Every structure is written in C-alpha cells, then in structure tokens.
Amino acid sequence: MIQGGMGIGISLGGLAGSVAACGGMGVISTANIGFREPDFYENTEEADCRALRKEIRRARKISGGRGLLAVNAMVATTRYDQMIRTACEEGIDAVISGAGLPLRLPELTKGFDVLLAPIVSGGRAARSVLNFWKKRHSRNADFVVVEGSRAGGHLGFSRQEVTEGTAKTLPRLVEEVCLEAGGLPVFAAGSVYDRQDMQAVKRAGAGGVQIATQFIACRECDASQGFKDVILHAAEEDMTILKSPVGMPGRGLRTPLIRKVGAGERIPPKRCIRCIHGCSPSETPYCINQALISAWEGNYEEGLFFCGANVGKVNEMTTVELLMKKLEEDWRKA
C-alpha cells in the first residue's frame, strides 16, 4: 500500500510517517516543500533542502523504523535534482517520480541504496522509461506506478481524453504496464477507492495500489483543517479538468480561482521563484505555487485544490490507522 504524494505541503513527514508506522509506504512530496521556511522566497533551494531533511527525519521518528519512506519528485520542477540528492543523503527508502519521464533518475541516485519507481500513464511510457534505464544506466526499476485518468493532480493524458472519457481504463493500463514491466511489482493509482476497484486492478495484474485523496481526511495529514474541510464538503460535480502551468491537464476543484482562469482572466504571480520548467511568469494564467500554498492555508477563493475523481465519497474525518486497516482488508478480500 502506497500513500500518494500530494503537494504543496499536503503529504509531509506527519502523514508519511504515520502511513509507514502502519506498515505501508509513506510518501513526502518534495514540491516547494520549504514554503513555510522564513527564507523561502529569498533562498528557495536552501529552504527546500532544509525542509525536506526536517520532514524525512520527522517521518522516520513517527514511523519508528516500520514500513518504508519515499519521496515523490516531479520531473517538471526546477529543483528536481537537488530534492532527489537531498532525500538520498537522508537515507530515504524510495524515490517515486513522474510529471514527465524520469529518464535521469538512476543517474541522480547513483551510489545510494534506494528503490526507484517511475510514474507512468500506460504501456508506451513504461517501455520508454524502463528501456532507457537499462540501456543508458544498466538499472532496472524496483517497482512501477501506473496512474490512470481519474487520478487527482497532474495527468499524463490529453485534455480531450480526460474530458470525453476516451482514456483507457485503469485495469487496461495495468495490463499494458505489466506486460512491459517484466515481473516488476506494478502499483495501480488513480481513484482506487474500495474493494471493487482493487479487485479490478488486482485481476489485471497489479501487485498493490497507491491511494492519495482518501488520506487527506486523516487527522495526521499535513494539510490545514481548512484544506481538509474543502475536500470533505466537495461533491463530484465540483470537480473539473483544469489547465496547469506545468503544461499538463489536472483534476481539481472548480474554485473561484479556476473559474476566473477558465473565463480568460490572468492572475499575475505575486512572487515568482521559477519552480516549474517552461513556466513564464509574464504569460502563465496563474502561479501554481501561489495557488497551492493558498489551498494549503484553506483559502477557497484563491486556492488550487487537487483531488481524485472519488473526492465526493470522502466526507468524514478518520485516522491513518483506521484507513490503513480498511484498505488492507479490502485488498486482501479483493
């Protein structure tokens, strides 16, 4: 069982450590992780590295040596290399990487005893990454995460595929990736919610699942209660496929910010830290860093709240221990 990485500040050491303490793989999102450091805007790289070290150590203390701890690092981010290096220096157990093809991941982690996993959106992407790693780096992945079109956050599909429902189903994607993975463990992600969903991906060959949105409703989640309340009160019809400055479509809530952007309004960044490759502050419709921090603060008006397609089913608070027990039971009976 993998807890999916959620940034900015949603899955930090508190959530990741609690998941690991229950025997799962807890995941810390590295995306602008230093946003609460006092020098974040002046010394962003230093603040991010410092915060990442703190969160890994906090997670390890909470986990008590149980389970596994991982980081989720986005290829699209400008401090990708530094975040991976810092995590490895801190003895992280695994690096999970997506939002682009993580072709350089073996090079960045050379010399460290760490598990590596690409996030892919289907068989073709899996084949590209795995073949490249073998040919260029003589390295195989340790497991693969395949993320379907119903996932929250950034999606590896065209906007048309997602909005028109023409993307392949998650079980079909799992089958494709399993064929390319050559026996590697494949974890299915993208609104896997209950036993029925697990049964479908298990039959397709998945060795486990990665789940994110449900963990937002846990007391141990690092999001503010304001963020959690927005998710808890969200209905299926509140979701939309939005345009992200990362250059990929994303699934999140239709907040006032997203409505304004959809109507053609541009919200200039207050302070740009050049966090995303290819993002031009003079042209981007809104600053994703600014929007995600606002969401973490519980600011519904100005926030970007990423969530999976089953967000409407997440409507009451729980604990990591209770949720993990439910998910593990569902997997065993699937």
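The values are calculated or read from the model by the stated rules, or taken from the named source; none is laboratory data. This structure is a prediction, so every number in the text was calculated from the model and none was measured. All Cβ positions, even for glycine, are placed from backbone atoms using ideal geometry, and neighbour counts span all protein chains on display. Surface accessibility is based on the protein's heavy atoms, side chains included, excluding ligands, DNA and RNA. Shrake-Rupley method; radii C 1.70, N 1.55, O 1.52, S 1.80 Å.
Of all residues being part of a helix (DSSP H, G or I) and farther than 20 Å from Cys49 by Cβ in segment 1-37, which is nearest to the chain's Cα centre (by Cα)? Just the residue, please. Can you show your working first?
Initial filter on segment 1-37 (part of a helix (DSSP H, G or I)): 13-21.
After this cut, where a residue has to be farther than 20 Å from Cys49 by Cβ as well, the list is 15, 18-21.
Details: Leu15: 13, Ser18: 17, Val19: 15, Ala20: 16, Ala21: 20 Å.
In this case the residue turns out to be Leu15.
Within segment 31-52, the set of residues being within 21 Å of Cys221 (Cβ to Cβ) and open to solvent by 10 Å² or more (accessible area, probe 1.4 Å) comprises Ala31, Asn32, Phe35, Arg36, Glu37. For the condition in a helix (DSSP H, G or I) and touching a Ser or Thr at 6+ places or on another chain (Cβ under 8 Å), Arg53 qualifies.
Only one of the listed residues (Thr109, Thr163) is farther than 22 Å from Ser244 by Cα and touching a strand residue (DSSP E or B) at 6+ places or on another chain (Cβ under 9 Å). That residue is Thr109. Restricting attention to segment 269-283, which residues are farther than 17 Å from Gly34 by Cβ, in contact (Cβ under 8 Å) with a residue 24 or more places away in the chain and in contact with a Cys (Cβ under 9 Å, 6 or more places away or on another chain)? Passing the criteria: only Cys279. Restricting segment 221-235 to residues that are under 17 Å from the mean Cα position of the chain (by Cα) and more than 13 Å from Glu316 (Cβ to Cβ), the residue that is surrounded by the most Cβ atoms within 10 Å (Cβ to Cβ) is Ala223. A single member of Gly190, Gly156, Gly165 is open to solvent by 20 Å² or more (accessible area, probe 1.4 Å), at pLDDT below 95 and either within 14 Å of the chain's Cα centre (by Cα) or within 25 Å of Asp93 (Cα to Cα) (or both), and it is Gly156.
Within segment 122-133, not a single residue is assigned to a loop (DSSP other than H, G, I, E, B), in contact with a helix residue (DSSP H, G or I) (Cβ under 7 Å, 6 or more places away or on another chain) and of a type in the set (D, E, K, R).
Could you check, for segment 238-257, whether at least one of its residues is surrounded by fewer than 14 Cβ atoms within 10 Å (Cβ to Cβ), more than 16 Å from Ile10 (Cβ to Cβ) and acidic (Asp, Glu)? No - not one qualifying residue is present in segment 238-257. Screening Phe143 against (1) modelled with pLDDT of 95 or more; (2) within 25 Å of Leu253 (Cα to Cα); (3) surrounded by fewer than 21 Cβ atoms within 10 Å (Cβ to Cβ); (4) in contact with a strand residue (DSSP E or B) (Cβ under 7 Å, 6 or more places away or on another chain) leaves a single unmet condition, (2). Taking the criterion of being outside any helix (DSSP H, G or I) and either open to solvent by less than 40 Å² (accessible area, probe 1.4 Å) or among the hydrophobic types (A, V, I, L, M, F, W, C) (or both), the residues of segment 168-187 that qualify are Leu184, Val186, Phe187.
Is it true that Gly208 is without any contact (Cβ under 8 Å) to a residue 12 or more places away in the chain and either open to solvent by 30 Å² or more (accessible area, probe 1.4 Å) or closer than 19 Å to Met6 by Cβ (or both)? Answer is no for this residue.
Of the set (1) at pLDDT below 95; (2) open to solvent by 10 Å² or more (accessible area, probe 1.4 Å), all apply to Lys134 but (1). Counting residues in segment 314-322 that are of a type outside the set (S, T, N, Q), open to solvent by less than 80 Å² (accessible area, probe 1.4 Å), more than 19 Å from the chain's Cα centre (by Cα) and over 23 Å from Thr30 (Cβ atoms) gives one or more.
For segment 92-107, give me the residue count where each residue is assigned to a loop (DSSP other than H, G, I, E, B) and open to solvent by less than 40 Å² (accessible area, probe 1.4 Å).
At the first step, the residues of segment 92-107 found to be assigned to a loop (DSSP other than H, G, I, E, B) are 92-93, 99-104.
Keeping just the survivors that are open to solvent by less than 40 Å² (accessible area, probe 1.4 Å) gives 92, 99-100, 102.
Total satisfying the criteria: 4.
Across segment 53-76, what is the total count of residues that are among the β-branched types (Val, Ile, Thr) and open to solvent by 20 Å² or more (accessible area, probe 1.4 Å)?
To start, the set of residues in segment 53-76 that are among the β-branched types (Val, Ile, Thr) comprises 56, 62, 71, 75.
From what is left, the residues that are open to solvent by 20 Å² or more (accessible area, probe 1.4 Å) are 62, 75.
Qualifying residue count, segment 53-76: 2.
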